[in-house]
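This report concerns only the one structure given below.
The values are calculated or read from the model by the stated rules, or taken from the named source; none is laboratory data. Owing to the predicted nature of the structure, the values given are computational and were not obtained by experimental measurement. Glycine gets a Cβ as well: all are built from the backbone with ideal geometry, and neighbour counts include every protein chain shown. Heavy atoms of the whole protein, side chains included, go into the accessibility calculation; ligands, DNA and RNA do not. Shrake-Rupley method; radii C 1.70, N 1.55, O 1.52, S 1.80 Å.
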Amino acid sequence: QDDEKAKRAAELVIANKELSFQDDEKAKRAAELVIANKELILQHDKIMTLAYYDMLTQLPNRWLLFDRLNQALATSARNGRRGALLFLDLDHFKNLNDTLGHDIGDLLLQQVAERLMSCIREEDTIARLGGDEFVIVLEDLSDSAIEGAAKTNDVAEKIFLTLSKPYQLKSHFYQNTTSIGATLFMGHELKPNELLKQADIAMYESKGKGRNTLSFFSSMMQEVITTRVNIENELHRAIEQEQFQLYYQVQVDHMGHPFGAEALIRWQHPKRGVISPIDFIPIAEDTGLIIGIGQWVLETACAQLKGWEQDPLTRHLTLSVNVSPKQFVETEFLAQVQATVQRYGINPTRLKLEFTESMLVDNIKEIIFTINALNEIGIKISLDDFGTGYSSLQYLKKLLIYQLKIDQSFVRDIVTDSQDEVIIRTIIAMAHSLDISVIAEGVETEAQRQLLITNGCIHFQGYLFSKPVPIDEFELLIRKIH
Ligand code: C2E
Ligand code: MG
Ligand code: MG
């Protein structure tokens, strides 16, 4: 438009020049001004591009997004039509960047930007917030929230389809999925940054659901988030105020003899009562608090093992401690375990550390080193929730694992689902051929126990024998069933 104006001005100047032939000098000055002005406009355009667009993808940046979003909210307030804000995050983008380099990562972002543009209407906005995060504003969707959500879903479907096709990044072929979070907007109910936060939260929900999905934000989710923040704040004080407690769940063999226990943490919250580890361990992991909590668990378990050494009924028991992947990758981890075992003077062969398979994906060399070092001290390693991740046979062979713990999801349906029985039988056969011991967790019924025995598993843990209980109850139980 500005270009057009400049041209019109120049034309006027020329016309003017023809009219007032004598006034040559003035006309020349005016023409010069027009040209200078045009250059200014060009420069201005350049500045605007730098300020409002992302250089890599040429998409609007955060500033322009907020500008457009404000406009969209104003329009929605005027015409009563709902719109949607979508937050996209590429799955595992960091892996690509780390393995193939940032140049290749940049290429992917550019191609993703192009493909995204093909998924939306001209009046909609796509912006890149930075990294692998994109935001889309869909306007004028519907008067109704339900229809608005349905249309948002359609767009998301289109995006999943488009973005999942293979990319050619120089000589590499690459395939990728995306997680999307969405929230609907209506007029000025919420401010742009609030909407963005909602869509971001919903996006994380999608990641949690296994990626390549769309999640909507709702007020219910907001509540979940608020509780989470509270828990986070209170976790900081939980150790010093001695609010944690270990529960012990017995492990038995096929004769019903107890041979060990798993230590499971509980949080005795002064107001909320007992909080399950499922509700606070993930938060502790995200915030780094797991390091302190993990150390507390290890120390408490070692103290318990020391106590058991005094009693012939408990002397032989092993105690399993769960270790979070976050703890394991800490550089201090190995040294701390060694130091703790020494400090409490326990027999290290009575201590078992449980890791999950998911840990075996990254930094395999370091993991092998740490696990071997733990083995050398005599500590046993158990792979928890086995069957739910992707550990390769190769790792299992290299890793000096003492025990596989068949995940409860397989045990739950073993009686009714023949596929689960096949999986369990395969795990057991594989473990035996690698000289690894097997334990089934989540055993709740006699029928499950029988089928496990039939398939060669003779170590169990589950409600059939006992729930996790405080130490006093546990020791009573041992006296009863030894
Ligand atoms: P996990 O290590 O796989 O522990 C087994 C979970 O299954 C425990 O839940 C246990 O109470 C439950 N369970 C045992 N038998 C049965 C059964 O027969 N049926 C059913 N349905 N469930 C059974 P819990 O205590 O809520 O712990 C959940 C998870 O929290 C644990 O899963 C573990 O991953 C984590 N966790 C617990 N304590 C700690 C800890 O001290 N440190 C770390 N990092 N994680 C912990
Ligand atoms: Mg466990
Ligand atoms: Mg488990």
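Within the shell defined by Cβ-Cβ distances under 10 Å, the residues around Asp279 carry a net charge of +2, with Lys and Arg each +1 and Asp and Glu each -1. Annotation: per residue accessible area for the chain equals 53 Å², rounded to a whole number [probe 1.4 Å, protein chains only]. Each peptide in 65-73, 89-97 receives the mean, over its residues, of other Cβ atoms within 10 Å, and ordering these scores from highest gives 65-73, 89-97.
Short-range pairs are left out: with C-alpha atoms under 8 Å and at least six residues apart, the relative contact order of the chain is 10 percent.
Dipole magnitude for the chain: about 380 debye, using +1 per Lys or Arg Cβ and -1 per Asp or Glu Cβ, origin at the Cα centre. Shape verdict for the range 429-468, please, from the Cα gyration tensor: rounded (a/c under 1.5), prolate (a/b greater than b/c) or oblate. Taking the square roots of the gyration eigenvalues as a ≥ b ≥ c, the range 429-468 is oblate. Can you list which of the GluC sites (Glu not before Pro) found in the range 149-211 are DSSP loop residues with at most 14 other C-beta atoms within 10 Å? For GluC sites (Glu not before Pro) across the range 149-211 that sit outside H, G, I, E and B with at most 14 neighbouring Cβ atoms in 10 Å, the list reads Glu189.
Electrostatic tally near Glu444: other residues with Cβ closer than 13 Å to its Cβ, Lys and Arg +1, Asp and Glu -1, net 0. Element breakdown for the chain at a 1.4 angstrom probe: carbon and sulfur atoms account for 54% of the accessible area. For the chain, the share of DSSP beta bridges that are antiparallel, to the nearest 5, is 60%.
When the helix-only estimate is applied to the chain (DSSP H runs of n ≥ 4, each -39,500 (n - 2.57), divided by the residue count), what is the mean residue ellipticity at 222 nm, nearest 500 deg cm²/dmol? That calculation yields -17000 deg cm²/dmol at 222 nm. Full extension of the chain segment joining Lys209 with Asp472 gains 90.8 nm, where the gain is 0.36 nm per residue of separation less the Cα-Cα distance. Simple spin-label estimate for Ser437 and Ala373 gives 2.5 nm between the two label positions (7 Å along the Cα-to-Cβ direction from each Cα). The H on the amide N of Ile414, modeled in the peptide plane, is under 5 Å from the matching H of no residue at least 5 residues off or on a different chain.
Neighbours of Gly256 by Cβ distance under 15 Å: Lys/Arg scored +1, Asp/Glu scored -1, total +1.
Is the C-alpha gyration tensor of the range 106-224 telling us rounded, prolate or oblate? Criteria: a/c under 1.5 is rounded; beyond that, a/b larger than b/c is prolate, otherwise oblate. Prolate, because a/c is 1.5 or more and a/b exceeds b/c. The overall shape of the range 244-392 is rounded: from the C-alpha gyration tensor, with semi-axes ordered a ≥ b ≥ c, the ratio a/c is less than 1.5.
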